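I have placed the structure first, in the form of structure tokens, so that the comments after it can refer back to it.
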Amino acid sequence: MTETATTMDVRRAGAAASVIDIKGDITAASEDVLMDAYRSAAEGVRVVILSFADLEYMNSGGIGLLVTLLVRAKRNRHRLLAFGLTEHYREIFELTRLDEAIAIHDTEADALAAAGA
């Protein structure tokens, strides 16, 4: 079985926020790349926005990583926002109650506006 490579590109969105563009799959194997992207994105901002627009697949290990990321972000007093989730993954966020801790927006512009960027 071939595993899809996960890449996460970090970009600054004004002075207030950074965006992590998630491409590929989020599974337990994505831990290092996700945490490295978060460390890079969190420098000098209070809001980190997760772009799921190019997400191909996420399993329960990936949901667990998002919970770990959320704990780390809260400890560092960062807000997490998200956009680009398909209806399927929005439902998973609702079922796991992640949507109560990570604000979900329809578009990047909506997330940036909520971040004050």
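The figures follow:
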quantity	calculated
Region 70-109: number of residues that are touching a helix residue (DSSP H, G or I) at 6+ places or on another chain (Cβ under 9 Å), closer than 17 Å to Ala13 by Cβ and in a helix (DSSP H, G or I)	1
Pair list, Cβ under 8 Å, 6 or more apart: region 71-87 residue closer than 22 Å to Asp106 by Cα, other residue among the acidic types (Asp, Glu) and at pLDDT 95 or above	Phe83/Asp106; Phe83/Glu108; Phe83/Asp110; Gly84/Asp54; Gly84/Glu108
Verdict on Leu66 being of a type outside the set (Asp, Glu), modelled with pLDDT of 95 or more and not in a helix (DSSP H, G or I)	no
Tally of residues being touching a Phe, Trp or Tyr at 6+ places or on another chain (Cβ under 7 Å) and surrounded by fewer than 19 Cβ atoms within 10 Å (Cβ to Cβ) across region 5-40	1
Odd one out for Leu112 among (1) part of a helix (DSSP H, G or I); (2) closer than 20 Å to Ala28 by Cα	(2)
Subset of region 5-33 [among the basic types (Lys, Arg) and touching a residue at least 24 places away in the same chain (Cβ under 8 Å)]	Arg12, Lys23
Tally of residues being touching a Phe, Trp or Tyr at 6+ places or on another chain (Cβ under 9 Å), loosely packed, with under 15 Cβ neighbours inside 10 Å and either farther than 15 Å from Thr86 by Cα or of a type in the set (Val, Ile, Thr) (or both) across region 41-72	0
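The values are calculated or read from the model by the stated rules, or taken from the named source; none is laboratory data. All of these numbers come straight from a predicted model, not from anything done at the bench. Note that we place each Cβ from the backbone using ideal geometry, even for glycine, and neighbour counts take in every protein chain shown.
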